[in-house]
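Following: one structure in structure tokens, then a few remarks.
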Amino acid sequence: MSRSLTFFAVALTAAVSWGLYHLAYEVQRLEDELIDYNRALLRDREAMQVLAAEWSYLTRPEALQERALRHLDMRPLLPVQIARIEHIPFAETLAPAGAVLSSGDIPLPRPRPRPLPFAATREAAYPNSQAAPRAGTPLPSSPVAPAPPFLQSAAPVPALAAARSAP
Amino acid sequence: MIARFLQRRQRRNPCHPADLQAPPSLVRLDGAAKEVIETGRTRLVTAALLFALCFVVLAARLVDLTFIRNDTEPRVARAATLVAKVDQFPVVDRAAIVDRNGTLLATSLRTASLYADPRKVLNAREAAAKLVRVLPELAQADITERLSSDRSFVWIRRNLTPRQQQQVITLGIPGLYFHGEQRRVYPQGALTVHAVGFTDVDNNGLAGIEGFFNERLRDPARAHEPLTLSLDLSVQHAVRDELLRSIAAHNAIGAAGIVLDARNGEVLAMVSLPDFEPGQVGEASKDQRFNRNTLGVYEMGSTFKTFAAAMALEKGLVNMKGGYDATHPIRIAGFTISDDHPKKRWLSLPEIYMYSSNIAAAKMAVDVGPAGQRAFMQKLGFLGKPAIELPEIGGPLYPRRWNTIETMTIAFGHGISVSPLQLASAVGAMVNGGFLVQPTLIRRDPLAPLPADRVISERTSRQMRQLMRLVVEQGTGKKAEAPGYLVGGKTGTAEKVGAGGYKRKSLLTSFVAAFPMHAPRYVVVAMLDEPKGTKETHGFATAGWTAAPIVGRLVTRIAPILGVPPVHETPEVRSAIAIPGFNAPAEPGRPQPTAQERKLASF
């Protein structure tokens, strides 16, 4: 019993010393790492301050104005160029050249296609596409594009159509 | 316990004398031998106890160190503590100054200053040649001489940029060292110099906000939190740009401009020209360093008729239909008060204001009386220093004796000198519904109560708005019109005081305005010092030709920045800003007084 106790004590001592040794070095390593991180942090914060000052310097209104006058074809904003959002008409009050359909079966009231300035064919309007645009696909908003056949063939609701074509 | 353990060990030990000799049951030690063994055993036990005690003490100390920590002891190793709290420690020890949108106006940067230990420099000539290549502004001969001196410390150059520092390091010259320093940097340069101010080489604020808030900016606890001003850099630039343009056009010697929020007193722009680069304070002249907005006090001229009119309206001595006779100049105590735009007839109040009649303004003030006028001026803050956060504040100049003649001249802005800032805040009170708000350069907390005193009634304020709008629509300030923004204002042309009285040729022209006039939000003051007439102004140098156009251009420019939408003049807006019979149709069923009636009314 005495012998095993001795061995146990020696083994324990060895293990604890080994553990302590490693712990001490691990702590030292971690502390060094912390200091390194903090130094890097400090360096970065300093760099950020320099960059903030530099940014503020480079974006001086004077410098921006000078550059804008030299490179951009812009003029000071005039009051007539400013509009309120409520003065902008809703898209549906404008003639929609293309309509978005959620279902192909529902006929949507839409204005009569404008008379085309030239004899446009569907192929001319969509030169690169063989298939007709499918329902649910926004159509190109060019006024010369004729409505696809499935819309032209659909009978519009008379009252709505009359209301739409009035203006 | 230890004694028994030892005893047992002794027994188990095969080399123990007990094993070599006869079994213990047969041998009995007596006398001297027993005594010796007993002594040895006692000594062993004592030694073991002592060692045990030592270990117990060590264990206790270990427990104490690990579990029961003393507060005075550092919780972590010292080296770690110094940098562990880096988050709370700012990189620099003077707080930054930013504008209301967070744009950096002043900041401290860590810079490196280059010094040398000449005794460690191996080849002074070669080192100097290399240094000059990186820092071309240094004189090679001077550096060679410095590097070959016998001293152990010589400055090479203070405050290097990070790039220069890197270049010097790359040179790899032995004996060169860097000393970390802090330097105040003003990225916006001259743009905000009179408001922000500057510091000395030791980073002590000397002027402007830097001077006024020196303690706050140096406070280590708040060094990481920037000081937010009320200035808006874009507006500030627009003001400076327009003033510079007018100075050039009219060959003026100086100019000042203020944009003030009429509702809460925030100064959005404050420009005084000529100005200077804050980095080169030493080279700036006294005139450049002079802040015309707060330190300068001037006789403002006709802009003061605004207050004469407001005072008379407030006291009920005149209404919008009433007026005064301005046919003849007033002669009093050897002085003659005459009009610059003489109409030589009875003038109604809107006409008095619109045509800027000195005679009628003087008569109006006399009706109020010296005491009443003085009290009104006091209420508007013209008789004290304005409380703005700057060290450079000029006190107003006003007569100690305030009798009838002083009352008359003060009515049209002579005999009293105030700063443009005082004028701006008083005009703010005229248009904002009647509250005088303390102007400030620090961004206000929108939730904090506003320090404001009522000076005129809501009704008088509305009438003043109408009068000011009339000046721009039909009077002397037509050039201040900014279509869509309903500018209203008043011109002021004063002759500067020189040796032996007023100088006819050196004028101080100003225009004080507010917009949009149906619900005024911003007050704009533009002032030109000694403008000259040009071909475009037909030789005129008066405020209507020199100062008013600044305001017109400026408002068009800053209104979109400030988020003021252009106003469509609906009938409601029109009725709020127009005066029936002038810029609005006369009220039906109420005939305008005939010339005869007007004459009678003036008596």
Subtracting the Cα-Cα distance of B:F67 and B:S285 from 0.36 nm times their residue separation yields 71.7 nm
For the pair B:L122 and A:R3, the simple spin-label estimate (label points 7 Å beyond Cα toward Cβ) gives in nm 6.9 nm
Answer in debye to the nearest 20: the dipole magnitude of the stretch B:97-228 about its Cα centre, from +1 Lys/Arg and -1 Asp/Glu charges placed on Cβ, is 380 debye
Mean per-residue count of partner chain Cβ within 10 Å for A:50-63 equals 6
From the Cα centre of the stretch B:494-570 to that of the stretch A:1-75, the distance in Å is 56 Å
The stretch B:219-258 scanned against label point 7 Å out from B:Q182 along Cα→C-beta; backbone N under 17 Å for B:219-228
1/(1 + (r/R0)^6) with r = Cβ-Cβ of B:D453 and B:M320, R0 = 35 Å, i.e. FRET efficiency to nearest 0.05, evaluates to 0.85
Helix B:305-314 sits off the longest principal axis of the Cα atoms of chain B, rounded to the nearest 10 on a 0 to 90 degree scale, by 80 degrees
Packing-ranked peptide list from B:274-281, B:422-429, B:104-111, highest mean Cβ count within 10 angstrom first, is B:422-429, B:104-111, B:274-281
Trypsin sites (Lys or Arg not before Pro) in the stretch B:296-382 lying in a DSSP loop, each with at most 12 other Cβ atoms within 10 Å of its Cβ, come to B:K344
What the Cα atoms of the stretch B:188-331 span along the principal axes, largest first and in whole Å, is 63, 38, 29
With Rg from the Cα atoms and Rh as the Kirkwood inverse mean 1/r over Cα pairs, chain B has an Rg/Rh of 1.37
Percent relative contact order for chain B, counting Cα pairs under 8 Å at least six residues apart, stands at 12 percent
Taking Cα atoms, the helix B:31-66 axis meets the longest principal axis of chain B at an angle in degrees (rounded to 10) of 10 degrees
Inter-chain shielding metric for A:77-86, i.e. average beta-carbon neighbours from other chains within 10 angstrom, reads 4
Sorted on mean Cβ neighbours within 10 Å (highest first), peptides A:80-87, B:364-371, B:439-446 come out as B:364-371, B:439-446, A:80-87
Inter-part gap, Cα centre of the stretch B:325-341 to Cα centre of the stretch B:143-205, in whole angstrom, is 64 Å
Each label sits 7 Å from Cα toward the beta-carbon; between B:E38 and B:Q164 the label points are separated, in nm, by 9.3 nm
Once both label points are put 7 Å beyond Cα along the C-beta direction, the B:F55-B:E277 separation in nm becomes 7.7 nm
Checking the stretch B:98-184 for chymotrypsin sites (Phe, Trp or Tyr not before Pro) in a loop per DSSP with at most 10 other beta-carbon atoms within 10 Å yields none
So B:A139 and B:N101, fully extended at 0.36 nm per residue minus their Cα-Cα distance, gain in nm 9.4 nm
Averaged over the residues of A:38-48, the number of partner chain Cβ atoms within 10 Å of each residue's own Cβ comes to 3
At q = 0.08, 0.13, 0.18, 0.21 Å⁻¹, the log10 of I(q)/I(0) for the stretch B:436-586 from a Debye sum over equal Cα scatterers comes to -0.27, -0.69, -1.12, -1.28
What the 10 Å binned alpha carbon P(r) of the stretch A:1-75 shows, as percent of pairs per bin from 0, is 15, 17, 15, 13, 11, 9, 8, 6, 4, 2
Assertion target for B:V437, B:V235, B:V154, B:V57, ordered by fewest C-beta neighbours within 10 angstrom first, is B:V57, B:V154, B:V437, B:V235
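Values in this text are rule-based calculations from the coordinates and carry no lab data. Quick caveat: nothing in here was measured; it's all calculated off a predicted structure. Note: ideal-geometry Cβ built from the backbone for every residue, glycine included; neighbour counts use all protein chains shown.
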